[in-house]
Amino acid sequence: MTGPSDLPSPPVIVLENLVKFFGRFAALRGISASFAPGRLYVILGDNGAGKSTLLRIVTGLMQPSQGKVTLLGAGSIREVAHRVGYMAHAPLLYDELSGMENLRYFAGLYGLHDDNVCERAMTMVGLDPELSRRIGQYSQGMRQRLSLARAVLHDPELILLDEPFSNVDVRSAREMAAVLGRVRDKGKTIFVVTHQAALMEGIADEFVHMTAGQIVAREATARKANAQVETPS
Amino acid sequence: MTTFTMARATLLKDLRLEWRSKDAINSMLFFALLVVVVFSFAFNPTAEESRHIAGGLVWVALLFAAIFALNQTWARELRNQVLDAYRVSPAPPNALFLAKAIGNFLFVVVLEVMMTPLFVVFYSLRSVGPVWQLIVVALLGTWALVVNGTFFAALSIRTRSREIMLPLILFPISIPALLAMVDATTSILTGDASPDFWIKMLAVYDVVFTAVCLLLFETVLNAE
């Protein structure tokens, strides 16, 4: 008899024949895939491959022209919004507010009113919670870190990151990648869209290659293979 | 978390942003000031004439000035695409709408408070009717302007010429409210007629359009 703990975990994201048109241009061409929880997926592809469009559809910011997304078992993304964190290419932060003021506001949207939550998120990404500067005066790297803090401050199960390392110096990018690895180790599922695959080597569980709006290859890394050997189901 | 708690948090954030940038209030104040001064010199009205034209002048000046605040409301959410952070959160869309509408209402009320002494001085205004009725008309009229303005500003944020689009959509739909505001104000200032009908009409307009905007805002917010 198979006990509940022996059952494979249900997929965190299921994409069924996802198509997205912008006018006559097909940005996504019938993507069907499912992704297991607790893993770090890196989505790679050239500009225009459909990576960001895919992420925006998964977050509910964009509606697919055809197809269906099931997120954390729910058909409606709004139902599970509190379990999802999203970091876009843009920082999604108010320039006129300080880091803590920004985080406090966004934490409030998730029903969190504890300053410790914001302070922990800032510390996790290597920023000082005492920093009173408005983020308009932050460097690009600091903004990206704060943006990551905003995406994870409500402790989401699923984290979707669109180009988190763009315009970030190599050292900061490595530190951010290490943070992502630690977050994944806590059982979170992470999707990272990036052009900097090298940064994620040794951290990612799977590289997902996209070309012309389709997933053309899924390549499990040695890390994932090792993990499967160590914990056979 | 209720809609009102979320709306309060967003409103406080918007007030803080405006306090630091003063984008909306400065533009509105400067524009309204220009209108008062220019019209005062252009017409040089007597006190009696002023009572007849002030209703129209005040509300047209406020309507145009409010456009600056209304455009600014969503412009600041588009910078850094912050609106997306709200859209992916579990916070109810109506909380955002209410916060924006109340914020704009406060900005325009502040403008009205600042402009009233100037109108009185430049146009030698003295109300024949009770002043408290003017306050009621000002509050109802301001809400009529901002509730539709906030909604249509959200509707036009993804259009290329949103600064032009907003007045093009807003002004025609505001005509019944504008008519009620001008006639009610003129009736009170001159004491010629009772403003009751116009005040009731404004109240009904406010209730109807607030309900419609709240019902449709989620669709507008998530439109592509």
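Miscellaneous remarks
- Checking A:GLY75 against (1) within 22 Å of B:GLU218 (Cα to Cα); (2) more than 12 Å from every other protein chain (Cβ to nearest Cβ); (3) crowded, with 16+ Cβ neighbours inside 10 Å, the condition it does not meet: (3)
- Against the criterion of being among the aromatic types (Phe, Trp, Tyr), touching a residue at least 40 places away in the same chain (Cβ under 8 Å) and facing chain B (nearest Cβ under 7 Å), A:TYR105 does not qualify.
- Yes/no for A:VAL179 being away from chain B (no Cβ under 14 Å) and surrounded by 21 or more Cβ atoms within 10 Å (Cβ to Cβ): no
- When the stretch A:165-196 is filtered for residues that are in a helix (DSSP H, G or I) and of a type in the set (A, V, I, L, M, F, W, C), the ones remaining, listed by number, are A:VAL170, A:ALA173, A:MET176, A:ALA177, A:ALA178, A:VAL179, A:LEU180, A:VAL183.
- Out of B:VAL113, B:VAL109, B:VAL137, B:VAL128, sole residue that is under 18 Å from B:PRO45 (Cα atoms), of a type in the set (A, V, I, L, M, F, W, C) and out of contact with any Cys (no Cβ under 8 Å at 6 or more places or on another chain): B:VAL128
- When residues in the stretch B:199-215 are screened for being within 22 Å of B:PHE119 (Cβ to Cβ) and either under 16 Å from the mean Cα position of the chain (by Cα) or modelled with pLDDT under 95 (or both), 1 of them pass.
- Being modelled with pLDDT under 95, part of a helix (DSSP H, G or I), surrounded by fewer than 17 Cβ atoms within 10 Å (Cβ to Cβ) and not aliphatic (A, V, I, L, M) is a property that A:SER5 has.
- Some residue of the stretch A:41-61 being surrounded by fewer than 18 Cβ atoms within 10 Å (Cβ to Cβ), in contact (Cβ under 8 Å) with a residue 12 or more places away in the chain, in contact with a Leu (Cβ under 8 Å, 6 or more places away or on another chain) and more than 12 Å from chain B (Cβ to nearest Cβ): no
- Matching option when the condition is surrounded by fewer than 22 Cβ atoms within 10 Å (Cβ to Cβ) and either under 28 Å from A:THR53 (Cβ atoms) or touching a Ser or Thr at 6+ places or on another chain (Cβ under 6 Å) (or both), among A:GLN144, A:GLN140: A:GLN140
- Qualifying residues in the stretch A:108-141 (those that are touching a Pro at 6+ places or on another chain (Cβ under 9 Å) and of a type in the set (Asp, Glu)) - the one nearest to the other protein chains (Cβ to nearest Cβ): A:ASP115
- Residue that is nearest to A:GLN144 (Cα to Cα) [pool: residues in the stretch A:93-102 that are surrounded by fewer than 24 Cβ atoms within 10 Å (Cβ to Cβ) and within 9 Å of chain B (Cβ to nearest Cβ)]: A:ASP95
- Number of residues in the stretch B:29-51 that are surrounded by 15 or more Cβ atoms within 10 Å (Cβ to Cβ) and either within 20 Å of B:THR185 (Cα to Cα) or over 21 Å from the mean Cα position of the chain (by Cα) (or both) equals 9.
The values are calculated or read from the model by the stated rules, or taken from the named source; none is laboratory data. Treat the numbers as computed from the prediction; the structure is a model and nothing was measured. For neighbour counting, all protein chains shown are included, and Cβ atoms are generated from backbone atoms with ideal geometry for every residue, glycine included.
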